[in-house]
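Everything on this sheet refers to the single structure shown next.
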Amino acid sequence: MTTRTQALVPIAAAAVIVGIIGIYSIPSDSKLESVEFPRGTIKVDETVLEVQIADDESKRIRGLMFQDPLPYDQGMIFVFDEPGVYSLWMLNMQFSLDMIWFDEQGNVVYIEENIPPCETPTEIMACQSIVPSGEAKYILEVTAGFVDQFGITLDSKMEIISI
């Protein structure tokens, strides 16, 4: 008959191995070292924002992880090569976000508001991905409350000034 300890040891070992493999599979510039993102400027309706630009895979993986909350005139824009259904998650975030998905013409295709960070170990293991209902080329992450504060709706429009 198998004891409880005999059953748990292989499970614990497997969990450690999976965790180590997961850490090593993240691109090195996405880990804890400081990442400098290029900066640009966009306008959503009449609101001008300075944005950090995440325009390649390692920058998109890192996103706003480990950063302090941003003022409402700042955000991060994820730029993709082709329109598609792109999801984001809240792993290692320090503050809640509003996320806005835009098509190639800058039209809003989806909005998700006040998404909390994954904080507890259980949440981190099952940290939800936010999946939009339509294809987008750009995703804007801003501090939670931005959408309400500036009246952003599905009729809003983004203009790229410089990215």
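The table for this structure:
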| quantity | calculated |
| --- | --- |
| Residue among Ile163, Ile139 that alone is modelled with pLDDT under 95, within 26 Å of Glu57 (Cα to Cα) and among the aliphatic types (A, V, I, L, M) | Ile163 |
| Scope the range 62-79; condition surrounded by fewer than 16 Cβ atoms within 10 Å (Cβ to Cβ) and hydrophobic (A, V, I, L, M, F, W, C); matching residues | Phe66 |
| Pair list, Cβ < 6 Å and 6+ apart or interchain, from the range 91-105 residues that are outside any loop (DSSP other than H, G, I, E, B) and modelled with pLDDT of 90 or more to residues that are of a type in the set (Asp, Glu) and surrounded by fewer than 21 Cβ atoms within 10 Å (Cβ to Cβ) | Asp98/Glu113; Met99/Glu112 |
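For every residue, the table says whether it meets (1) within 18 Å of Pro38 (Cβ to Cβ); (2) modelled with pLDDT of 95 or more; (3) among the β-branched types (Val, Ile, Thr); (4) in contact with a Cys (Cβ under 9 Å, 6 or more places away or on another chain).
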| residue | (1), (2), (3), (4) |
| --- | --- |
| Ile111 | no, yes, yes, no |
| Asn114 | no, no, no, no |
| Ile124 | no, no, yes, yes |
| Ser129 | no, no, no, no |
| Ser156 | no, yes, no, no |
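The values are calculated or read from the model by the stated rules, or taken from the named source; none is laboratory data. In this text, all values refer to a predicted model and were calculated from it rather than measured experimentally. Virtual Cβ from ideal backbone geometry, glycine too; neighbours counted across all protein chains shown.
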